[in-house]
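To start, the structure itself, in structure tokens.
Coordinate-derived values only; no laboratory data. Note that the structure is predicted; figures quoted are calculated from it, not measured. We place every Cβ from the backbone using ideal geometry, glycine too, and count neighbours over all the protein chains shown.
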Amino acid sequence: MISTLVIMALGALVLGAALGYASIKFKVEGDPLVEKIEAILPQTQCGQCGYPGCKPYAAAISAGEADINLCPPGGMDGVRKLADLLGREVKPLEVEEKPKQVAIIDETTCIGCTLCIQACPVDAIVGAAKQMHTIIEPLCTGCELCIKPCPVECIHMQPITENLDNWKWKYPVIEIKRAA
Amino acid sequence: MLQHLFGFKGGVKPQTNKAPSVQQPIGQAPLPARLYVPLHQSIGGSPNPLVEAGEQILKGQLIGGADGWMSAAVHAPTSGTVLAIEKHVAAHPSGLPTLTVVIAPDGRDEWITRTPLDYRSLAPERVREALRDAGVVGLGGAVFPSHAKLTAASSVAVEQLVINGAECEPFMTCDDLLMRERAEEIVRGSAIFRELLAARRVLIGIEDNKPEAVAAMQAAVQRLGEDHEVVAVPTRYPAGGAKQLIRVLTGKEVPASKRSTDLGVQCFNVATAYTAYRALAYGEPVISRIVTLTGNVLQPRNWEVRLGTPLRDLVALGQPKADTNKYLMGGPMMGFEIPDLAAPVIKATNCVIAGSPTLFPPSPPEMPCIRCGACAEVCPHELQPFELYWFARARNFGKTQEYHLFDCIECGCCSYVCPSHIPLVQYFRFAKSEIWSREREKQAAEAAKARFELRNARAEREQAEKAERLARAAAARSSERKPASAAASPPVAVAESGVASAVASEPAIASPPIDADALKKATIVAAMERARAQRAAVQPRNTEQLTFQQQREIAAIEARRANLQAESSPDEVNRPQRAAE
């Protein structure tokens, strides 16, 4: 009787110690779900979801504060992936989905005020005070954050057209022929 | 020479249709009215244009310099004038434009000074550089820069060098004719490759439906006293695939994740060996190539065509028949339909086939997959095309990769045998380009995130630095002010701006210091002034980086502005005084 109790108590102690050790040793820093959500978001850092960047939005989704359909650059594809990950319903996007675009500065009207440089979240604009600014197109995420601060309205968005580098083979289409 | 040959799994035996285009020797295509030489003709970096519109150029002059190691140069195919460097339709299934040098030939066809390289005495690196600058790329169709393939893996010595003359695609005969007519140069080129790679053996594989080419190559090898082995391999498509030919000749199977060099084998096309020899021994860069023009034409033949010749000019040489409705670039198995005949001949153009409804009848409608497994039987890479098809069709790209989609060489055997006429390869191409595009997007997103985080870190650091600077300045000011405040007994004297201190000290001097109420008010005014001054200091003015001259100018302007403001609105300046009273 006593030996049984001792064995059980010992077992409980050993297992408890092991669990306690594991909880310290394998402690997960941060929320892994936030990282997974962030990996799906397009990282445009545009703030169109109402949060100041992709990470805060990911945190809000993870906390259940934000819906999954607030990210227009991610598109319906992104919503679908988030729904898959979180086991939620797929919802239509709050705002209309736009084609991918880049910002273009009209360099003749640019006055060199540096306001757009300060607004760009990904450092894709180069220029100096009273010098012409320009956008490094491959780095531009198309977030449109530079458009509002421009005092002379010299920035516009241009959809990315198909070129040899981004061209894709199309999904094979089955032609439907009229029955004879 | 007796050699044990190995087999490869799968493959098909389509009708070869090679006879019509081998009746005549290689012809020299005439000079077209305009040449459109695209700058990006090989795998790797796009060459940078080195000429300007209006410039006179000579035949063989460098017009596009290689961009980095993994790239190959582009040269002028004839002498003349550069008309423009502009976007022109590319020889690509999309028909999208690409940066192209447009040349008006002057008809003189005048060469630059060609300097043969003594490649035997040069260091191997120099020879590789010379090949890159001569624009030598894989002419079998993949246009991979050859110099990059001529670096032996450091761990494994190259045992066999395979020279690919199999030419398994139906209709195509450009390598066949090249081997018949210019065998010696091919053998010499192979010897250069062999030296660069320090390969022990050279195996030249030719399909056994080209006995003339085999004989010509054997004769050339004997004449030159080389010990290359010319091997006739059984005719079966795709015996000319690099991995298939290596398997047949050496018995080595290249695993999915490895390259043939890891097994000590390297493979080059016969035309590549030919151009490499011309480039080194004669100093002639790659400015033309042999193109088979065949199919629904009256004069099927092989032509030596200058790169940049519009395809329209080329097909006119063959006199296409009236019912020709489309043109293919490459063979019927792996080629694509040319969307626009204005596109030029490029280094990858090995064959142009005129098609007609009788030659290539429109494919019957796609039927459901019946899981017969015929595609898996013929797949030379032992994939399961029907499984890949299901997943590609359902856009389940992760699963397609699990089923080794990227081992598919798009040879077209599966589509060829499919009883349901499913365009399997098209599904695979779609899935591949979709996966690549997603990969690109993912990388772009990761880079954007990294830049965003860096920017935030920088903003934080700058703010911290500014705060520290301000704190230091404030400390310096307060230590300066201490003796002053000791001299003037009322604490209001510490007000910062000149106006405020004058205003504040006035009541202090006018009224006796025992007036507690006035003293309190004066303290508040001084505090407000201080706060305002602090706000002004915190606001970024971006003037730290300017030159001394500019800063002085700004200071002068600021002073003028302050004067003007003081003159225009004296009430404003006086308001604190009233408040103090």
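Data table
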read-out	value
Vicinal HN-Hα couplings computed from phi for the stretch A:74-87 (Karplus, 6.51 cos²θ - 1.76 cosθ + 1.60; Hz; Gly/Pro x)	x, x, 5, 4, x, 4, 4, 5, 5, 4, 4, 5, 9, x
Eligible aspartates and glutamates near residue B:520 by straight Cα distance, threshold 20 Å, same-chain separation 8 or greater	B:496, B:506, B:529, B:581
CD proxy at 222 nm, helix term only [per DSSP H run n ≥ 4: -39500 (n - 2.57); per residue of chain B; nearest 500]	-13000 deg cm²/dmol
Sequence of B:478, B:288, B:42, B:121 once ranked by neighbouring C-beta atoms within 10 Å, starting from the fewest	B:121, B:478, B:288, B:42
Fewest-first ranking of A:91, A:55, using other Cβ atoms within 10 Å as the exposure measure	A:91, A:55
Set of aspartates and glutamates near residue B:9 by C-alpha distance (under 14 Å), chain-local residues within fewer than 8 positions excluded	B:253, B:377, B:382
Violating pairs (Cα-Cα greater than 24 angstrom) within the set A:100/B:442; B:18/B:149; A:25/A:55; A:81/B:449	B:18/B:149; A:25/A:55
Filtered trypsin sites (Lys or Arg not before Pro), the stretch B:376-405: DSSP coil and at most 16 other beta carbons within 10 Å	B:395
Residues B:479, B:420, B:190, B:79 arranged by fewest to most Cβ contacts within 10 Å	B:479, B:420, B:79, B:190
Selection from B:265, B:568, B:70 lying farthest towards where the dipole of chain B points positive, charges on Cβ	B:568
Long-range amide H partners of residue B:325 with built H, under 5 Å	B:355, B:356
Relative contact order of the stretch B:254-321, defined on C-alpha pairs under 8 angstrom at six or more residues apart (%)	22 percent
Nonlocal amide H pairs with residue B:230, under 5 Å, H built at 1.01 Å	B:204
Backbone N under 12 Å from the residue B:370 label point (7 Å along Cα→Cβ), restricted to the stretch B:387-420	B:418-420
At most 14 other Cβ within 10 Å, DSSP loop - chymotrypsin sites (Phe, Trp or Tyr not before Pro), the stretch B:51-157	B:69
DSSP bridge pairs, the protein assembly as shown: antiparallel proportion in percent, nearest 5	65 percent
Length-normalised contact order of the stretch B:363-481 in % [C-alpha pairs under 8 Å, at least 6 apart]	24 percent
Low-density loop cleavage sites - GluC sites (Glu not before Pro) in the stretch A:1-82, where at most 12 other Cβ are within 10 Å (DSSP)	A:29, A:65
